[in-house]
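Heads up, the thing below is written out as structure tokens.
Each value in this text was obtained by applying a stated rule to the coordinates, not by laboratory testing. What you are looking at is a predicted structure, and each value in this text was computed from that prediction instead of being measured. Don't worry about glycine lacking a Cβ; one is built from the backbone with ideal geometry, like all the others, and counts go over all protein chains shown.
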Amino acid sequence: MPTYAIYLRKSRKDAEAEAHGEGETLARHKRILLDYAERNNLQITKIYQEIVSGESIASRPQMQQLLADTEQGLYDGVLVIEVERLARGDTIDQGIVAQTFKLSDTKIITPTKTYDPNNEFDEEYFEFGLFMSRREYKTINRRLQRGRAAAAKEGKYIASTAPYGYEKIKIPNDKGYTLQIIPEQAEVIKNIFDWYINGLDGKRLGLGGIAKKLNDIGVKPFRHEYWGKEALRDIITNPVYAGKIRWGYRKVKKITVDGKISGSRPISLDENCILSDGLHKAIIPQDIFDKAQEILKSLPPPPVGYKKGIKSPLAGLIVCSKCGHKMTLRNPTTPDKPPYLVCHCRYCDNVSSPFTLVEKKVLSILKDWVDEYKIKWKNNEQNLSARSGGEILEKTIEQTKKKIDTLEKQLDNMYDLLEQKIYTPEQFSARSVSVTKRLEDAKKEYKAILENRQMLANENLQREKFIPRIEHLLKVYDTLDSAAAKNEMLKAIIAKGVYTKEKSGAFKGVSADNFTLLLFPKLPKE
């Protein structure tokens, strides 16, 4: 029997409708599609419900899973409320969706029309629908950005969350939002500016000193358990506390790295950045805010090369198991001490270790991976050659698929006999149960064989690419003259490492290498 899936995704238009009290969109769409499937006798085996919203396929995990399953030919069709829900991203995303459904011969079914991607006219209609959807998206987004810019110029607060010291409230008798002071938090903001400008007890406090003071007295920030210098710098430089609205100073800039699109948000204070008087009340007078900016600008610039260039072969790879922050290299202040790998979070108690010991541990684990994989492959070698083994697996897949087709035809014939009243309902029920059970077992077997084929493919990929890559790294690692080159090779193999060390102090009999390091491989993809 043909099987189908449902894909649900909420659009911006749906979110606006929900805000006006029209009910939960995905639940309504799900009910409509399930009713359609019931009326048309379509067997739904899985429902993909997108929880997060994103412009591209890369930011929509359920869409990624749907495309992967569709490529495997698991469904005869996919039900969506409208074709635009599948792809509203750029031309590349639309091409991926169209090609996946075409090559797998999977139909796209909406309550108003069924699209056969291998039908020339349906294909053109489907592609045109995606094109118009993209055009509509860009128009809506352009209009939305213009509206946000206009609201910012009017002094309205348009960011998603309010900064510390304020809460976001609806403007009475008008569209949009503004900010309302939270008195207790506003006092903390006043203290931060006062300590930064005037100091405390005759001693000027920097951002680190203010963070320590706030943590010591038990004041909690919004999203973390403790204050850090970065959060305080954001507060000191945020003009919202002086009654201003700033918008567009950190626009997303998309770049392509190794064929993948990524985004950054550089600070930009050009003519496109909006700075206007806000509708909200200021916590900090303008003259005090300006004084804080003068002090910040008067500080000596960071040393040349600060936060530029790779200084550690393990940069960005090792994560603290206790607080989740990246471990960093700390160079010694005196010649007689070695560099250490440390967690810079002030209140994290994960103990640091000499960097060279952690680096050696990483290389040791990579060598263990090579030895372990080679032993596993040797133990799993079959008498059959890889070629003949692959042929047997493909024949098994083909035979199982034929078995599924035969059982589905038997079940269809039983429905015909029931409709022609050759079978009584009792006879149909008795005989269809057995066929349905065999059909379900055959489909499970088919899925297991496909997974086994994928596992073997991954294993062959590891044998052909992954392990030789590690062996090459181990061979040339010590000959590489830069931390950046070593870091690049390690990042091609390791997804991340998780570091834990509970005890410190060699003088207490605790060995310097008494730490735990878990590495996660970055397996290659076909």
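Observations
- FRET E, pair LYS113, LYS291, Förster distance 45 Å, beta-carbon r, rounded to 0.05: 0.10
- Multiplying the residue separation of GLU184 and SER504 by 0.36 nm and removing their Cα-Cα distance gives an extension gain of 111.2 nm.
- Descending semi-axes in Å of segment 29-172, equivalent ellipsoid built from Cα gyration tensor: 36, 18, 15
- Long-range HN-HN contacts of ARG346 with modeled amide H, under 5 Å: none
- Near LEU79, the amide H atoms lying under 5 Å from its own belong to ALA5, ILE6, TYR7, ILE109; only residues 5 or more places off or on other chains count, and H is placed 1.01 Å from N.
- Put a dot 7 Å past the Cα of GLN99, heading toward its Cβ, do the same for ILE375, and the two dots end up 4.2 nm apart.
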